[in-house]
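The values are calculated or read from the model by the stated rules, or taken from the named source; none is laboratory data. What you see is a predicted model; the values in this text were computed from it and never measured. FYI the Cβ positions are ideal-geometry reconstructions off the backbone, even for glycines, and counts take in every protein chain you see. Each accessible area value is taken on the protein alone, full model and side chains, heavy atoms only, with ligands, DNA and RNA left out. Shrake-Rupley method; radii C 1.70, N 1.55, O 1.52, S 1.80 Å.
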4 protein chains.
Amino acid sequence: VRSPTVRELLAEALGMYILMVFGLSTVAQVVLGRGEFGQYLSINLGFGIGVTLGIHAAGGISAQRCTELPSIKTKLGTGNQVPRVVWRKRLQRRTVEKGGPRLATRGIGSRWCTRGSAQVLAGGTAGAHLNAAITITHCILGNLPWRKLPAYLLGQFLGSFLAAATVFGTYYDTLYDYTKGNFTVTGPTATASIFSTYPHPCTSLLGGFFAEFMATVMLLLGILVIHDEKNNGALKGTQALLTGILVLGIGLGMGMNTGYAINPSRDLPPRIFTAIAGWGVDVFTAGNYWWWIPVTAPTLGSLVGSLIYKLVIDFHNQSVPESGNEKGQPAIETSTL
Amino acid sequence: VRSPTVRELLAEALGMYILMVFGLSTVAQVVLGRGEFGQYLSINLGFGIGVTLGIHAAGGISAQRCTELPSIKTKLGTGNQVPRVVWRKRLQRRTVEKGGPRLATRGIGSRWCTRGSAQVLAGGTAGAHLNAAITITHCILGNLPWRKLPAYLLGQFLGSFLAAATVFGTYYDTLYDYTKGNFTVTGPTATASIFSTYPHPCTSLLGGFFAEFMATVMLLLGILVIHDEKNNGALKGTQALLTGILVLGIGLGMGMNTGYAINPSRDLPPRIFTAIAGWGVDVFTAGNYWWWIPVTAPTLGSLVGSLIYKLVIDFHNQSVPESGNEKGQPAIETSTL
Amino acid sequence: VRSPTVRELLAEALGMYILMVFGLSTVAQVVLGRGEFGQYLSINLGFGIGVTLGIHAAGGISAQRCTELPSIKTKLGTGNQVPRVVWRKRLQRRTVEKGGPRLATRGIGSRWCTRGSAQVLAGGTAGAHLNAAITITHCILGNLPWRKLPAYLLGQFLGSFLAAATVFGTYYDTLYDYTKGNFTVTGPTATASIFSTYPHPCTSLLGGFFAEFMATVMLLLGILVIHDEKNNGALKGTQALLTGILVLGIGLGMGMNTGYAINPSRDLPPRIFTAIAGWGVDVFTAGNYWWWIPVTAPTLGSLVGSLIYKLVIDFHNQSVPESGNEKGQPAIETSTL
Amino acid sequence: VRSPTVRELLAEALGMYILMVFGLSTVAQVVLGRGEFGQYLSINLGFGIGVTLGIHAAGGISAQRCTELPSIKTKLGTGNQVPRVVWRKRLQRRTVEKGGPRLATRGIGSRWCTRGSAQVLAGGTAGAHLNAAITITHCILGNLPWRKLPAYLLGQFLGSFLAAATVFGTYYDTLYDYTKGNFTVTGPTATASIFSTYPHPCTSLLGGFFAEFMATVMLLLGILVIHDEKNNGALKGTQALLTGILVLGIGLGMGMNTGYAINPSRDLPPRIFTAIAGWGVDVFTAGNYWWWIPVTAPTLGSLVGSLIYKLVIDFHNQSVPESGNEKGQPAIETSTL
């Protein structure tokens, strides 16, 4: 398929599918295994590993979107006819392209790649969103055109929904044995929490909203510091691993109150699946109609998290453009020889 | 030994031996230690570490197979006599060779290295198969000639069998004490599961087949996204580590139903060893003749997993050859100076 | 903001905030979750991950301080007019700058960057201190001017204090339920240890001081060996991860006696927060006025740790300047072509 | 100090000290904490992290030994006077030196660096031995002159002994409380196993010898596959991390029978310390005079492990020298321009 939009949809769907199969199956194994096959730490590790692999799956396709734009192809001709200054620029750009935050190359000839300081956020996600809250933040900040939003959300929805179905199928035997065929949201053999998040009994709606909001703020701060090339980001090619470790950390410390959805695409599609697959409308009414909090709180938290980062770190780095350039142009010295 | 086939056999045998000694000994320590020396998470970590080290052991030898072919040696002559276009090609090739997915260099002068888009899968395994299901998938996809199959399978069998014998020897004292010398497949002091996989009591044959199939699909998807250079693969030299983390993730979430063999070479040779070493034919009859499922389900899953990846990601990357080239040819710009 | 001092303060504050939110929230989850949502290992992991992310956040801004100094900007002119020897020097410097320990570039035109062998310690912290003991050690060793001290300490204090408030807010519901609203430092539902450290009941003041001192010595030794480019440091871009693993190791082995503050900025601000937020002056009187030990012992340990490293390793590497140069100047060979 | 021998002694001592403080203190925390501050997995992690940091500490100094030899200094003159072929060779050598397995550069003008295929083992240890068994293997294989042996062993002994003393001091309060001042090797409050290894009650002398021998064989196989540049080694700069993960894996699967000393320098000096510090001669007589097994079995295992690797992998790679060269000379292509 040559349509960038369809390819983005497929990439987000596959990445989300991988993320969720690893994550949800670990919850299933811990719950249905009655603690013999894992513990809470296993769940944290499972989602962390899922995130790492999901980014490896979805990061690349998205990164190629800009390179297909005609205006770039023209500029990147055969090489000898272009003036030296253009050619040098191209060198730099390719250097960045090969290992750098891929979305940074979007900045040429494409409306949604040009918005200056927004590139930090763009780079921060390295092509893979895998999170409706992050996709919406990109749209609000102007990194992604609003017309692209449906494809991203649909891809994430499909991947997440199919992952829930896959885990349901894989664990059907043990799930049936554990519940005696009675799938419930509450009670001693409650199993709905394998698929989507429910609040801790002691957590209020307001407290839960704040916990979910703060966990997503930390998620965004973490993603941005890991990927910010102008600051002190992680080694290229290890950023997916670090992002997985970040999500592991969120689960270790911010998981108890709300189950750390921190992502509407992680929570809503499996909830819909469980509503269909036998748990019924309880999945929406439980926890005092909890379901809308993992949808709205992460979206707000994602936006606020990226704004905090821009204010505290990125805005100041923008004001020293030269030193930023030096770091991004390792090939320049050679080209002046 | 100069014969590539024998060297491949030795490499697969050593890699498989390392993988299995680390994996099986951790199961032994958890079972025989009655939980004081580890838990289920330890087993997941043990197999993950074994996979990482096994790949480091077996990945290299295989990678040199193609460089010995006469047709390459000729082309890679002294350097100045070859036409510029050939030379540039050689440059690219060497660049890839030094750090890239090693099997990608097979593509010259050797029937089994040339099949275009199949290189993603080839690259995906980075020289080390360590899994009969993956070796067979390579053969079916045309990445490996069928005549090479027996050497790979034999190497894997030998390594796995010897590892089972090693762990048996190492743990003989504690094994004898734990079982009072009565090695059984079932019962309160069952120990056969130290060596090969048996299904969870609640898992049906069909459910087990599907679980094992899906776990191998996830294994292949994970291997391919970690190694795909054209997409968003992991940093070279860390891919073995990431593959170990992938197998850790599979154990965390897809281990309870079937024991996650996801690999005929991991399961069948130790099962044969236990049949000989005192557990008897029960190892084949237990679990309603379970033994054939960890042989067939992973083989099917491996094939389906790689086809899914080709359809969803790789096929679309193939259609943008230029941007793929740019990423694989870091030295070209320099060579046109 | 263009003022380096304000930017350093903001960077330290954000890094410290991230470190502490991850660390403290994990303690909260383990304590308030009554063991169901984590164990002691989770706390060790949580602080390790917090350190890694905090360094990624704070490491970059600090690194750019020197590049703003006028004397450098002049020297780094357009490139062709400078004599070869200067230009080569510049090349080296930039090479180091791009990937090396960032503070090493401070050495030009700025009093506090020039003190020769002190650069190892400077490099060792890679721009991010996140620890008042390390900041003070830098001042004593002459790596940081004393007039900068207040900004660093204030930034660390703010980040740490705000993190304590954030975790308090996030866990308010469960904290209230766990304590029935009675926040205490001791007793069966003591919760003050979520925020700051208290000694083990069997640990004496002297023993605690020594344990805290030794843990900080090990922290500094670890930081220095991870970052020492002249020795066998970790791969650039992975040093933040390794430092997190170092702190994980300290928690695994040196956490029981004192709670491993190893950092006045980690311990004192949250303690002051708890004094205000309802735990009262007990947080200072508990443990026989324990509070001053996590302030003084790490400061002494940090200084001693860096002196030990200088004596045993760094001093000897200094005496072989050429081989040190070779490692820092990968581009020189090319420039002589 | 300019004497290479003294510097090697100091480097081994510091590396060993770091390794052992992290390792032993974790055992102390698990034992004295009665399971509340860690579990068996913590011990495995503690020793793994200790190994990683110890290699970062000791790896560098050793690596510079050869660069001080007069014959090299002469060859590496000022650069322009040497014939092109020599200079090109120098380039290659420096390239290897900067990031490669450091000991590989020993091969010039120094008897103990020249023995061809032995370089794999030399490279495999990356400068840091931290293990008497590995040092002795180096001497037997001709990688290290026998006259160097005492300095290495003494350095390792000192570091290990001081680490035991440090952990004893750090945990004195809790140790005293746990034992009521009665330090014993056996019984319900036995604490000698905090410092050195004792066999599992079910393990015989012969079985223990074999388990310890096999664990060291796996250690050497792991070290060699991680560091072998000619095969599929780990990314440079991450090899210390991988070696730590290797030791974690050995603890997970080969720790129960014998306590996995796999290293005379890890076991004997702390045992002597405990004999002096109050546990008495029981530390030598316990386990049917167990003490000599962690000294001899690892030494034999280390030798056998490296021979196995040479036979199965390295010997075959040696027979294809050109492809080996290609991988070690990334700068050659450029130099022929």
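Remarks
- Position A:Asn182, label points 7 Å along Cα→Cβ, spacing to each other copy in nm (shortest first, one decimal): 3.9, 3.9, 5.5
- Per the Kirkwood formula applied to alpha carbons, region B:204-284 shows a radius of gyration over Rh ratio, Rg over Rh, of 1.09.
- In this structure, the amide hydrogen of B:Thr184, modeled 1.01 Å from its nitrogen in the peptide plane, lies closer than 5 angstrom to those of B:Thr191, B:Ala192, counting only residues at least 5 positions away or on a different chain.
- When A:Phe37, B:Phe195 are compared by accessible area of protein heavy atoms, the largest-first order is A:Phe37, B:Phe195, using a 1.4 Å probe.
- Overall form of region D:159-217 per C-alpha gyration tensor (a/c, 1.5; a/b vs b/c): oblate
- Qualifying trypsin sites (Lys or Arg not before Pro) for region C:135-180 [loop in DSSP, other Cβ within 10 Å: at most 10]: C:Lys180
- Charged neighbours of C:Gly187, selected by a Cβ distance under 13 Å, balance to 0 (K, R count +1; D, E count -1).
- Solvent-accessible area lost on pairing C with A (1.4 Å probe, both sides summed) amounts to about 4600 Å².
- Close amide H pairs (under 5 Å, H built 1.01 Å from N) link A:Gly127 with A:Leu103, residues at least 5 positions away or on another chain.
- Sorted from closest to farthest, the other copies place their B:Ser3 label points 5.5, 5.5, 7.8 nm away, with each point set 7 Å from Cα along Cα→Cβ.
- Derived scalar couplings between HN and Hα for region B:193-199 equal 5, 5, 9, 9, 8, 10, x Hz in order, rounded to whole Hz, by the Karplus curve 6.51 cos²θ - 1.76 cosθ + 1.60 (θ = phi - 60°), x for Gly and Pro.
- Listed pairs A:Lys236/D:Lys236; A:Lys230/D:Lys236; A:Lys230/C:Lys148; A:Lys236/C:Lys310 exceeding 26 Å between Cα atoms: A:Lys236/C:Lys310
- Average projection area in nm² (convex hull over Cα atoms of region A:130-263, one quarter of hull surface): 10.5 nm²
- Label zone at C:Leu311 (point 7 Å along Cα-to-Cβ), backbone N below 18 Å, region C:213-237: C:213-222, C:224-225
- Inter-label distance for D:Ser3 and A:Ala165, nm, one decimal - labels placed 7 Å from Cα along Cα-to-Cβ: 7.5 nm
- For region D:170-184, a drop of 10 Å² or more in accessible area on going from the chain alone to the assembled protein chains (1.4 Å probe) is found at D:Thr170, D:Tyr171, D:Asp173, D:Thr174, D:Asp177.
- Computed over region D:174-324: relative contact order in percent, which uses C-alpha pairs under 8 Å that are six or more apart: 34 percent
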